[in-house]
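Trainee: Can you read through this structure? Questions will come right after.
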Amino acid sequence: MAGHNPWPNEGNTGHIWDEDIRELDNPPPLWWMLAFYAGFIMIIFYAIYYPTIPLANGFTKGIAGWTAIKEYEESYNELKAWRKQKFADKEEKLASLPLADIMKDTDLKLYAVATSKMLYGDNCAACHGAGGMGNPNFPVLADDDWLWGGHINQIHASIANGRVGNMPARGMMGNLSDEEIEQVTDYVMALSQGKGNDPAVAAGKAVYAKGMCLACHGPNGKPLAPNGAANLTDQIWRFVPFNDGTCKSMVEKTQRDAVLRTIKYGVNVKKNGDLIDCTREGAMPAWKGRLSDKDIKRLAIYVHELGGGQ
């Protein structure tokens, strides 16, 4: 910065760089000053018109009565009205047509799937996981393993009416000794690996027949019809090792432990109206009455199309 001012009458501030670059002291343009003062006026107007000033127990509401929630609700209702008008024909078909006809209409089926994602997330994902992948000890919906059948009508019945699993406790209240439970557990594990005829598990195979396991799970570990019983010949397990504190008698570390617990303590076994200790809980709530018939149809199609529907 130069130490002298060669332009003393120019109206500069005396700050000079590189001998001729200086800072002037001119007033702002009139338009700029008017806009500046108008800004203060707009602040006052805004504070009166909109909710603005915080108070001890709230805030000023403003003469407009505007709130973000009210604006959201108005926009949402406007969107709902638009959707209702635009998709009225599809919604009417979903409500009136049987599931078999909906499944034949590709466009309508895709519409049902697209409009079910939020419905599934709000009501189903907590148990069955995002995309039907299943949370621990809840059924996976994205495979082709179905306890109650994967036909569209069977899925619809499961959602509408619910399902309650049932397996006797072969140890606590059943007809098998601890040794026999160990043996049949080994046989079930062998079935899942395709080794059901291995002589090493012959004793367990005999217990399987004695304990009447075949009545539900089929003579070879595969139910003859969907009845809520698991297919024991694949490696898709309804219950996996999961220590949630409901069983103090044993700790599940391996899949064999999980199978043994299920055989010994059963599923949904009650005594005097209460679930016995360590029994598995396997219940699907009924959504009839909670959701409309149309939304239950919509969800049934969505679950069917997740990848495992028959």
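Trainee: Of the residues Met250, Met212, only one is out of contact with any Cys (no Cβ under 8 Å at 6 or more places or on another chain) and either of a type outside the set (Ser, Thr, Tyr) or assigned by TED's automatic domain parsing to the domain that holds Ala157 (or both); which?
Mentor: Criteria check complete, one pass: Met212.
Trainee: Next question, about the same structure. Of all residues in region 130-144, which are part of a helix (DSSP H, G or I) and buried (at least 18 other Cβ atoms within 10 Å of the Cβ)?
Mentor: Gly132
Residue-wise test of (1) more than 42 Å from the chain's Cα centre (by Cα); (2) assigned by TED's automatic domain parsing to the domain that holds Leu108; (3) loosely packed, with under 10 Cβ neighbours inside 10 Å.
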| position | (1), (2), (3) |
| --- | --- |
| Glu23 | yes, no, no |
| Asn26 | yes, no, yes |
| Met33 | yes, no, no |
| Tyr46 | yes, no, no |
| Tyr50 | no, no, no |
| Ala64 | no, no, no |
| Glu74 | no, no, no |
| Glu78 | no, no, no |
| Ala81 | no, no, no |
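Trainee: Can you tell me which of Ala258, Ala225, Ala200 is touching a Phe, Trp or Tyr at 6+ places or on another chain (Cβ under 6 Å) and either assigned to a strand (DSSP E or B) or not assigned by TED's automatic domain parsing to the domain that holds Asn123 (or both)?
Mentor: Sole residue among the options that is touching a Phe, Trp or Tyr at 6+ places or on another chain (Cβ under 6 Å) and either assigned to a strand (DSSP E or B) or not assigned by TED's automatic domain parsing to the domain that holds Asn123 (or both): Ala258.
Trainee: While we're here: Could you look through region 239-272, keep only residues that are loosely packed, with under 14 Cβ neighbours inside 10 Å and charged (D, E, K, R), and pick out the one that is modelled with the highest pLDDT?
Mentor: Here the residue is Lys253.
Trainee: Could you identify the single residue in Ala47, Ala64 that is in a loop (DSSP other than H, G, I, E, B), touching a residue at least 12 places away in the same chain (Cβ under 8 Å) and farther than 30 Å from Lys297 by Cα?
Mentor: Sole residue among the options that is in a loop (DSSP other than H, G, I, E, B), touching a residue at least 12 places away in the same chain (Cβ under 8 Å) and farther than 30 Å from Lys297 by Cα: Ala64.
Trainee: Another question, if that's okay. Counting only residues that are on the phi > 0 side of the Ramachandran plot and surrounded by 10 or more Cβ atoms within 10 Å (Cβ to Cβ), how many does region 52-62 have?
Mentor: 1
Trainee: Please determine whether any residue of region 26-46 is farther than 30 Å from Ile152 by Cβ and in contact with a helix residue (DSSP H, G or I) (Cβ under 9 Å, 6 or more places away or on another chain).
Mentor: yes
Trainee: Residues in region 114-129 that are surrounded by 14 or more Cβ atoms within 10 Å (Cβ to Cβ) and either outside the structural domain of His156 (by TED's automatic domain parsing) or hydrophobic (A, V, I, L, M, F, W, C) (or both): how many?
Mentor: 4
Trainee: Those residues that are at pLDDT below 95 and among the small types (Gly, Ala, Ser), I need them from region 68-80; list them, please.
Mentor: Across region 68-80, the qualifying residue is only Ala68.
Trainee: Which of the residues that make up region 187-219 are within 25 Å of Asp144 (Cα to Cα) and surrounded by 15 or more Cβ atoms within 10 Å (Cβ to Cβ)?
Mentor: The answer is Tyr187, Val188, Met189, Ala190, Leu191, Ser192, Gly196, Cys213, Leu214, Cys216, His217, Gly218.
The values are calculated or read from the model by the stated rules, or taken from the named source; none is laboratory data. Note that the structure is a prediction, hence the values are computed from the model and not measured. All Cβ positions, even for glycine, are placed from backbone atoms using ideal geometry, and neighbour counts span all protein chains on display.
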